Amino acid sequence: METTSVDVLVVGGGATGAAAAYDLARRGVRVLLVDQNDLTTGTSGRYHGLLHSGGRYVITDFDTAVECITENMILRRIAPFAIEDTGGLFVATSQDPDDFPARWAAACARAGIAAEALTPEQARALEPALTRDITAVYRVPDASCDSFDLNHGFITAARTYGGDAWIYQRVTGFLTDGDAVVGAELEDTRTGERRRVHAACVLNATGPWAGVVAGLVGLDVKIRLDRGSMVAMNIRWVNTIVNRLRPPSDGDILVPVGTVCVLGTTSIRTEDPADTHVDVSEVSTLLREADVVVPGIRHGRALRAWAGVRPLYEPPAELAQLESGHNVSRRFAVIDHTERDGLRGLVTVVGGKLTTCRLMAEQAVDVVCRQLGVAARCTTADEPLPVPETSPRHYHQLTHRVHRLEHGEMPGALICECEVVTRPQLEARIAAYGDQPVALDDLRRDLRLGMGPCQAGFCGYRAAGILHAAKGLSPGEATRALSAFVGERFRGVRPLLYGHQLRQFYLDELIYRRTLGLDALLALDQPQPEGVSDAGSEA
Amino acid sequence: MMHTASDTVMSDHTLSLIELTAFTADHCVKCNICTSACPFAKVTPLFPGPKVVGPQWQRLRDPDAPSPDHSLDYCSSCGICTLVCPHGVKVMEINTQAKAKLVETHGLSLRNWFLARNELWGRLGTPLAPLANFALRNRLVRWAAEKVIGVSRRAPMPGWAGYTFRGWWQRQLRDHPRPEPVSDADRVVYFHGCSTNTYEPHIGKLAVAILEHIGLHVEVPPQTCCGLPAQSNGDFPGARRYAQTNIERLADYARRGIPIVGTAASCMTAIKGDYQHVLGLDGAEARLVAAHTYDFMEFVWKLHQEGRLPTDFHPIHQELPYHAPCQLKAHGFGRPALDVLSLIPGLKLWEIDADCCGIAGTYGFKVEKREISEAVGWPIAQQVQEAGAEVVVCDTETCRWQIQALTGGTAIHPVVLLAEAYGLSVDDYRPPVRADKRRAPAPTGVW
Ligand SMILES: Cc1cc2nc3c(=O)[nH]c(=O)nc-3n(C[C@H](O)[C@H](O)[C@H](O)COP(=O)(O)OP(=O)(O)OC[C@H]3O[C@@H](n4cnc5c(N)ncnc54)[C@H](O)[C@@H]3O)c2cc1C
Ligand code: SF4
Ligand code: SF4
Ligand code: SF4
């Protein structure tokens, strides 16, 4: 069995793990990060897309609010390539409690969140889609953040400081020596190959899986799993983030992300960290709530729905008393298992927000470094991240891709028409994987293939043909690749089978089932192996 | 994508954004029906087609950023895409709004400014008609115009009539004052458009003669260019100024329930639909005017359906090809010219199987687009030649000029045949004097 040795193994390639790997590398620690999937495919790839100003938590969770505004300013500075400075609005309507805005504004002032009061007219001049029923409205420094770009920024930076990251490597068990963890066992989730990594310390940054992973060495880490759903609307109804100005509850935020406008979220308790299904009732809630601030939006076209699971950390006793996850602290915990469980060499970091990932990483890495006896201090807030190779993808600069295509900088046949992906782009991306296997879904995350209104109805089969040629796939492999891809795309459409998207789905279904006979082709071939990649970077 | 520059000109009428043109992009299922119907995408690789530049790229346009477009310029705004889309996407309207943004970003070329000011040239050229016409027919001048400003030397050019329709109408009113009608229900407003005013006044004269023959009291209020040439060149501020002027001048008639009819089918489409869906002018007045606006043949057919059209036609023994201009198709009312002319004994019309003649307002005048324009219109020339026809019937002026250029024959407005069948002549025209025994029965209520 192949064995590797590092100082620290970071488990989990979400925002927290990636920021931690970068932090460790900057402090001169030899670090390896692993994820069971591609990067940013856990909660970080399924989140709402909002770089919080903290306004949302200022009443219910003041400390988190302060952390958010501080980290918001830091991330804007160090990762501008991942952030679109949309600004945010907090809008109260006559349906909302009328004593709330004043209390809220006062709390913002205390937290250091610049909340500028606007008149309803000013707000509507900024965002004509807003309701006429505005009783109070403030502008705050919210922003929209591409977690995929941010994560790649952290990983690229970690690599420049000598760190590394392996994907599709699942930790299946820990290596122990007496009362110390000394590494982990990995399994390649695509090939089944096993290997070992020896490490002086392991950082468990597996978000909703943190309890499961800690359980691998018999530890009991209680995490409240809270599933939240989101719906992406076909077009950007607003160019500013719009929050309801009321105590946090379901469906109170609209986030413009790239080409779409994401409505979210809900909060439903779950026991399974991989529970990403969406209930039709959640879709109705999200549309109904968004329609209060942006009238008409519920009749618009919804493209896709998905869910993510929040890893909320709270001491168990208090957890039980609370009904809804919206009121559970978004604060995070860094658990030093030496102190708590008498087990050295393992630290768990869990909870928090994507917005506070750098801070969580800093505090977790402080604990790790204490165990290692490393004195270096955190410097991740000091310097901008290098721009990652895959970025800036400019997805939030709406006009970027059309401009390049139209001005001859991106020649070649259009494969994904909705999201403007050309044949040479696809071929270059496939080539970049070398002899690693490539799924169409990987290309989706890299290039946004199949993420437009038709949800791969027209580009899926084209891209499968290109993949087939580039990778020399057998017809059976190509068929399965296509089937896995469109299967996953359609999964996200299923909760939205009404109105516009129903018509689209029916056309797509006719293309794949009736014209291409995809089901029949699959039946001709041997049964499909369990797919591993089901996720990521949804908006 | 969102609230585009043009959409923000919402006035007193409050729309939910979902009702706006840009948001119809939401309905697109990517079926490509529009792409296969677009007459222009068919003949040039420079244009990726309606679906791509329309609903698809609409999602990727940003009202606050410069226009990323380029190939959009090859869309002619003919409107076939909007007509065929089974899902209600206002493709042409989306494209035209995006063109305005293109112009906002890059400015309006001198040539396009020139083409957008048809109305001005019509007026300026009139007193100089012989000279102006000579210049237009002069090869050297045309060559220079192509080189210097980019107006194709092969594009069909109208000739100035040397007098205006409005001038003629003023003299008519002076020489033969018409008695005031008993009620507004007998009134009709005639919208002549710029071409009729300066290049083809005889069409306006025929239209007036027909309306008066039917027994209606014609009013020709002050009016200006419909704004379509400016609009399709992306000059929205210019187009809106024209549109506003017309709306103001026509609103009072519309309020009184008086129909507004015009012989330039494309102008009427602009007033009926584009003011609202392209220029974003959707105040109550604009809507009211739109609701009372009719294409001439549509109006005549409506009269017939109401039993108000005299049918004392002389037979015309001819078989003629008819071309329905795209701007007319865009009304979505079928082929009223064919319906009306079918009432004339002996007259047989057959419809040419072609989407568009290729001129598309000012598109076919542009040097870089002339070849495309001719390729689009070619099926018309072929069918007309095969049939050995010398005269083509067609409702819009630019189409008629294009058809003449393509076929070498003549193209006429349907009013020419209608007037002939009624036995009307406009040389030395005198209005019929029969206020007492009006042919049209007394109207019942408002139109
Ligand atoms: C619906 C929703 C909306 C949200 N919206 C926002 C928002 O708008 N703004 C904001 O700031 N925050 C938001 N959050 C919170 C934020 O997304 C999370 O706090 C953050 O993404 C957590 O990141 P993480 O790295 O800790 O976990 P994750 O991103 O889940 O990363 C954990 C990783 O560990 C990997 N892993 C698990 N087990 C193993 C194993 N055994 N071996 C190897 N790898 C393993 C997983 O594959 C995964 O990639 C939202 C959360 C939800 C659920
Ligand atoms: S605009 Fe209409 S016709 Fe064209 S692809 Fe979309 S749905 Fe089809
Ligand atoms: S308006 Fe005419 S030219 Fe433009 S895309 Fe539509 S069909 Fe094609
Ligand atoms: S000019 Fe005539 S036929 Fe031609 S594009 Fe217009 S309306 Fe179409």
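The values are calculated or read from the model by the stated rules, or taken from the named source; none is laboratory data. Because the structure is a prediction, the values reported are computed rather than measured. Positions of Cβ are generated from backbone atoms using ideal geometry, with glycine treated the same way; all protein chains shown enter the neighbour counts. Heads up: the accessible areas ignore ligands, DNA and RNA and are worked out on the full protein's heavy atoms, side chains in. Shrake-Rupley method; radii C 1.70, N 1.55, O 1.52, S 1.80 Å.
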Solvent accessible area, Å² - residue B:182, 1.4 Å probe, full protein context: 140
Accessible area (Å², per residue) of the stretch A:400-538, counting only protein heavy atoms and a probe of 1.4 Å: 42
Isolated Cys in chain A, by beta carbon distance under 4.7 Å: A:68, A:108, A:145, A:201, A:261, A:357, A:369, A:378, A:418, A:454
Accessible area per residue in Å² at 1.4 Å probe, computed on the stretch B:5-106: 32
Residue-averaged [θ]222 nm for the protein assembly as shown, counting only DSSP H segments that reach four residues, each worth -39500 (n - 2.57): -11000 deg cm²/dmol
Anisotropy class of the stretch B:110-149 from Cα gyration tensor, a/c 1.5 cut: oblate
Electrostatic dipole magnitude of chain A [Cβ: Lys, Arg +1; Asp, Glu -1; Cα centre; debye, to 20]: 820
Residues with amide H under 5 Å from that of residue A:183, placed H, sequence gap 5 or more: A:175, A:199
Reduced Cα scattering model of the stretch B:248-322, Debye log10 I(q)/I(0), q = 0.12 Å⁻¹: -0.43
Listed residue (B:96, B:230, B:185) projecting farthest to the positive dipole end of chain B, Cβ model: B:230
For residues of A:399-412, the mean tally of beta carbons on other chains within 10 Å: 4
Rounded to the nearest 10 Å², the accessible area of residue A:310 at probe 1.4 Å: 40
Cross-link pairs beyond the 27 Å C-alpha cut-off, checked among B:101/B:369; B:302/B:369; B:30/B:99: B:302/B:369
Computed Kirkwood radius, in angstrom, where 1/r is averaged over Cα pairs of the stretch A:400-538: 15.6
Two-site label geometry, residue A:99 and residue A:409: point separation in nm, points 7 Å out along Cα→Cβ: 5.5
Within the stretch B:283-312: backbone nitrogen closer than 18 Å to the residue B:339 label point (7 Å, Cα to C-beta): B:291-311
Hydrodynamic radius by Kirkwood, which averages 1/r over all alpha carbon pairs of the protein assembly as shown, in angstrom: 31.8
Net charge of neighbours whose Cβ lies under 10 Å from the Cβ of residue A:433, counting Lys and Arg as +1 and Asp and Glu as -1: -1
Extended-chain gain in nm, criterion 0.36 nm per residue less alpha-carbon gap, residue A:340 and residue A:470: 41.6 nm
Net dipole in debye of chain B [+1 Lys, Arg Cβ; -1 Asp, Glu Cβ; about Cα centre; nearest 20]: 740
Peptide A:233-244, shielding by other chains (average Cβ, 10 Å cutoff): 4
For a label point 7 Å along the Cα-to-beta-carbon line of residue B:64, residues of the stretch A:235-267 with backbone N under 17 Å: A:236-243, A:254-262
Separation between Cα centres of the stretch B:119-151 and the stretch A:266-309, rounded to whole Å: 62
Residue B:128-residue A:436 FRET efficiency (beta carbon distance; Förster radius 60 Å; 0.05 resolution): 0.20
Square roots of five times the Cα gyration tensor eigenvalues for the stretch B:306-422, Å: 27, 15, 11
Chain B: most fluctuating residue of B:30, B:90, B:42 per GNM, C-alpha cutoff 10 Å: B:30
Among B:265, B:389, B:251: highest mean-square fluctuation, GNM of chain B, C-alpha pairs under 10 Å: B:389
Charge context of residue A:367, other residues only, Cβ under 12 angstrom, K/R +1, D/E -1: -2
Coordinate range along principal axes, alpha carbons of chain B, Å, largest first: 64, 52, 41
Binned Cα-Cα distances of the stretch B:5-106, short to long, each 10 Å bin given as a whole percent: 16, 49, 30, 5, 0
Euclidean distance of C-alpha centroids, the stretch A:79-105 and the stretch A:7-65, integer Å: 24
Protection proxy ranking, peptides B:137-143, A:44-50, B:234-240, A:462-468, average beta carbon neighbours within 10 Å, highest first: A:44-50, B:234-240, A:462-468, B:137-143
Solvent-accessible area, 1.4 Å probe, carbon plus sulfur percent, for chain B: 55
Accessible area buried between chains A and B, both sides summed, probe 1.4 Å, in Å² to nearest 100: 3000
Apportionment of accessible area to carbon and sulfur, the stretch A:164-205, percent (1.4 Å): 40
Stokes-Einstein D (µm²/s) once Rh is taken as the Kirkwood radius of the stretch A:1-46 over alpha-carbon pairs, at 37 °C in 0.692 mPa s: 296
Number of partner chain Cβ atoms within 10 Å, mean per residue of A:499-508: 3
Sum of side-chain charges, residue B:38 neighbourhood, beta-carbon under 11 Å (Lys, Arg +1; Asp, Glu -1): +1
Cα-based shape type of chain A, given that a ≥ b ≥ c are square roots of the gyration tensor eigenvalues and the cut on a/c is 1.5: oblate
Dimensions (Å) - the stretch A:98-174, Cα atoms, principal axes, largest first: 54, 29, 27
Cα centroid of the stretch A:448-525 to Cα centroid of the stretch B:32-49, whole Å: 26
Projected-area average for the stretch B:165-304 over all orientations - Cα convex hull basis, square nanometres: 8.0
Farthest positive-ward along the stretch B:306-422 dipole, Cα basis, beta-carbon charges - from B:342, B:327, B:421: B:327
Per residue Cα convex hull volume in Å³ - calculated over the stretch B:81-187: 198
In sequence order, calculated HN-Hα J values of the stretch A:2-16 (Karplus, 6.51, -1.76, 1.60; Hz; x Gly/Pro): 5, 10, 10, 10, 9, 6, 9, 9, 9, 9, x, x, x, 4, 5
Among B:33, B:74, B:85 - extreme Cα towards positive end, dipole of the stretch B:5-106, charges at beta-carbon: B:33
